[in-house]
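The values are calculated or read from the model by the stated rules, or taken from the named source; none is laboratory data. Bear in mind that the values here come from a model prediction, so they are computed numbers and not experimental data. No Cβ is skipped: glycine too gets one built from the backbone with ideal geometry, and neighbour counts run over all protein chains shown. For accessibility, only protein heavy atoms count, side chains too; no ligands or nucleic acids. Shrake-Rupley method; radii C 1.70, N 1.55, O 1.52, S 1.80 Å.
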Amino acid sequence: MARLLSSLRIRLTLLFGALALLIGIAVSLYISYFVSLRMTETKAESVQKLAQAIAISISENLRERQREVGLLAQSPLLMQAPLNSNEIRKNLNRTKNTYRHYAWVGVADAQGLVQASSDGLLEGENVIARTWFIFGSKTSFFGDVHEAALLSKYLSTSQATSANQEPLRFVDFAAPVFDEQGKVRGVLAAHVHWRWVDEIIQRHLPEGAKANGIEVFLTNKNNEVLAPFSAIGKITVPPAMTNQAYQMSNWPDQNAYLASRTTINLYGESQQLWHVLVRQPVGQALKNVSELRQKMWLLGLIATVVVMLLAYWLSRAISAPIEQLSVIAKRIADGDEHAELQVHSSTHELKMLIASLHAMTSKLIERKRELLNFNDQLEQKVEERTFALKKSNLERESLSQQLELLARQDALTGLGNRMSANEHLQQEHLRMLRTENIYCVLLMDIDYFKKVNDSFGHAIGDQVLRQIADLLKMAVRTSDLVARYGGEEFIGVLPQTDLTGATILAEKITKLVEAHAMPGGAQVTLSVAVALSRVDDKDYDEVVKRADRALYAAKENGRNQVVVAPN
């Protein structure tokens, strides 16, 4: 064993092998750390964006319902007509049919008696002790989710429970109804089925979410699970879970999860009822990281074996000439006089030494060239892999930019969507605060659009929406924004435009639409509201609210007209 370890070949092989192993470990750890960190951050960002997208969708739906109930409560019919009139009852039925998740819409008088409701449910019942009546008689109200109380006995079994035995749960919206003297004459309320939350969550889940272990929960301010129903009482959220970008921690079920939580804000920090929580098992979330580490270790082991083989081969080439020199030296040490004489007089032994040195040098040069060639090939492979990685990153960035664009574009009309409009409104609001340059908002709604769909079909209705979108793009400046704000409603944001200019444009648009031949022979008109921004607006949506009230007035005054919001 000692003789084997004293061999130059073995020592060189072990030395190069140990160096290759140490360098391979260091490089593998370095690359694995930074690449793993980036992959972990990328995965965490996707989990966070999913939670944010669901939270935004839920909050926008809540605001839309609250706004709809508030507008209906301010209608002249509810302010003037008897609360138990058939006209009010018909209006409530129409409102319920506009949104499929409405379970009940009704109005109670100031004493808490339900006077009129959709489908006549709960009429005559006293609801004065209900939370929605208590708070709704004072101001616009939105309540937390709760199980059905009075309504459960009136609804069919299929409505009261689902296939998984989920009880009927509602979210309440309410608003006070005033008479013409400003006195409260009743409360308008709407109960919305809780299943709309599950639909929003399912709509946002990516493909293969279940296979990848991605789960989404809706929790209250005490971190208690509200949705999905199957998780209530079974999933315990860690108390330390907060609104961080992401957390990687152990949960009470002894499993480690990558999680992100986002708060659903209805109107700022004061109305934070729920949180959207997205989690994924760390093993599945970071599966690619583990595979990368295994490949790096395998590559380092292969590189070490290759270097040891090369080292052994190289050491053999180095030791062979030395062994030949030792033979010659031994012959001279043994007293080979002939050899000694030949050395001093160009003997055969000297020629043999020169030839051996020449052969050794030739072999070393040859091995050096082979190593340089191998190094060039290795560098070429590294350059090819680097180029492929850069190309992949560019393609990923391009895809990300396309997804960002699609998220802000209405698929039917090609215009910006509500998200795009809100972002543009916020930008204009901030610019106005900096520069005091006012802007105007046009809120446009197609009159009797439901009749177009009913009479000509939804395909013609979609063509009409696209045609009106094209007319709006033609009518505005390149610096203006036109977006589809929802259904048959469009919005225009006109930077550095006063009321006069905005009103002229609005009149132009109404005449242009009325005179234009629509697909299928449909006759379409627009009701347009014009609102001017104010420097004292606290938020960007205040000018939209003024425009919305003006649009309501345009509808009430006969449609196909322009109404300027008071400033």
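Quick check on my link table: of K90/K221; K183/K555; K508/K555; K153/K450; K49/K538, which ones sit more than 30 Å apart, alpha carbon to alpha carbon? From K90/K221; K183/K555; K508/K555; K153/K450; K49/K538, over 30 Å: K90/K221; K153/K450.
Stretch Q427-N93 to full length: gain in nm at 0.36 nm per residue minus the Cα-Cα span?
116.3 nm
In straight-distance terms, cross-link reach from K390 covers every one of the aspartates and glutamates whose alpha-carbon lies under 20 Å from its own, apart from those fewer than eight places away in the same chain; here that gives E41, E379. In the full protein context, the range 445-567 carries 47 Å² of accessible surface per residue, based on a 1.4 Å probe and ignoring ligands, DNA and RNA. Between E507 and E436, the modelled labels are 3.0 nm apart [label points 7 Å from Cα along Cα→Cβ]. With protein chains left intact and a 1.4 Å probe, residues in the range 74-142 average 49 Å² of accessible area per residue.
For V306 and I128, the difference between the fully extended length at 0.36 nm per residue and the C-alpha to C-alpha distance is 55.6 nm. The trypsin sites (Lys or Arg not before Pro) of the range 527-567 that DSSP puts in a loop, and whose beta carbon has at most 13 other beta carbons within 10 Å, are R534, K538. Here the range 481-524 exposes an accessible surface that is 54 percent carbon and sulfur, computed with a 1.4 Å probe and the other protein chains kept in place.
Setting aside same-chain residues fewer than 8 positions from K451, which aspartates and glutamates have a Cα under 19 Å from its Cα? Once the sequence-local aspartates and glutamates are set aside, what remains near K451 is D462, E488, E489, E514, E556.
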